[in-house]
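Here is the structure we will look at, set down as structure tokens.
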Amino acid sequence: MATGKTRAGGRAGPHRGTRVAIVRARWNEEVTLALERGAIERAADSGASVDLFEVAGSFELPAAVALLADTGRYDAVVPIGCVIRGETPHFEYIAQSVSKGLMDLTLTYPTAIPFGVLTCDSIEQARERAGGTEGNKGSEFMDAALEMVALRQALTRAPSSARRSARKASSASSRSTR
């Protein structure tokens, strides 16, 4: 069933040779393997090289992402996981912890880190998002990572005077709102 959601416009692609790590949770493996395949295909289409890693479950993803980002080897680290609601509050704790952990890492590291964890009410919903009627969100996770890499690459190619001007404007704007 389509949700009526729209996607962002055209994708800005990174330079060929972009290095990406995918770290996949084995929990709900049927779904995470399908998401990983979608991400790998999209990376291959863009000319990115991919290294694959695994962890036990989604809860371990933030720690693994941090370890991989710390190496400095990767332009992007794409976490792939799937958390499915059950009969206990476990889902809420895991989903919230993982999303907070990944957001903190996204703001800490210069490495592109998308939110690549499905949070679904049922296995059927997860399957629909891992190659079913909702498409393969794994490819969308990779798109988000590659767009952030392209943005960083564009900013590093910009003349330093343009970056300084942007920083000055940004800091002047933040001072005027205090």
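The values are calculated or read from the model by the stated rules, or taken from the named source; none is laboratory data. Since this is a predicted model, take the numbers as computed values, not measurements. With ideal geometry, Cβ positions are generated from the backbone for all residues, glycine too; neighbour counts draw on all protein chains shown. Heads up: the accessible areas ignore ligands, DNA and RNA and are worked out on the full protein's heavy atoms, side chains in. Shrake-Rupley method; radii C 1.70, N 1.55, O 1.52, S 1.80 Å.
All of 6, 18 fail the test of being within 17 Å of residue 137 (Cα to Cα) and either at pLDDT 95 or above or not hydrophobic (A, V, I, L, M, F, W, C) (or both), apart from 6. Scanning the stretch 69-82 for any residue that is farther than 18 Å from residue 52 by Cα and among the hydrophobic types (A, V, I, L, M, F, W, C) turns up nothing. Within the stretch 84-106, the set of residues being of a type in the set (A, V, I, L, M) and open to solvent by 60 Å² or more (accessible area, probe 1.4 Å) comprises just one member, 103.
If you go through the stretch 14-67 and keep only what is in a helix (DSSP H, G or I), polar (S, T, N, Q) and more than 24 Å from residue 93 (Cα to Cα), you end up with just 46. On the stretch given as the stretch 112-140, residues that are under 20 Å from residue 91 (Cβ atoms), in a helix (DSSP H, G or I) and not polar (S, T, N, Q) total 7. Summed over the stretch 107-141, residues that are open to solvent by less than 50 Å² (accessible area, probe 1.4 Å), out of contact with any strand residue (DSSP E or B) (no Cβ under 7 Å at 6 or more places or on another chain) and closer than 23 Å to residue 63 by Cβ total 1. For the stretch 147-159, the count of residues that are modelled with pLDDT of 90 or more, closer than 16 Å to residue 25 by Cα and within 19 Å of the chain's Cα centre (by Cα) is zero.
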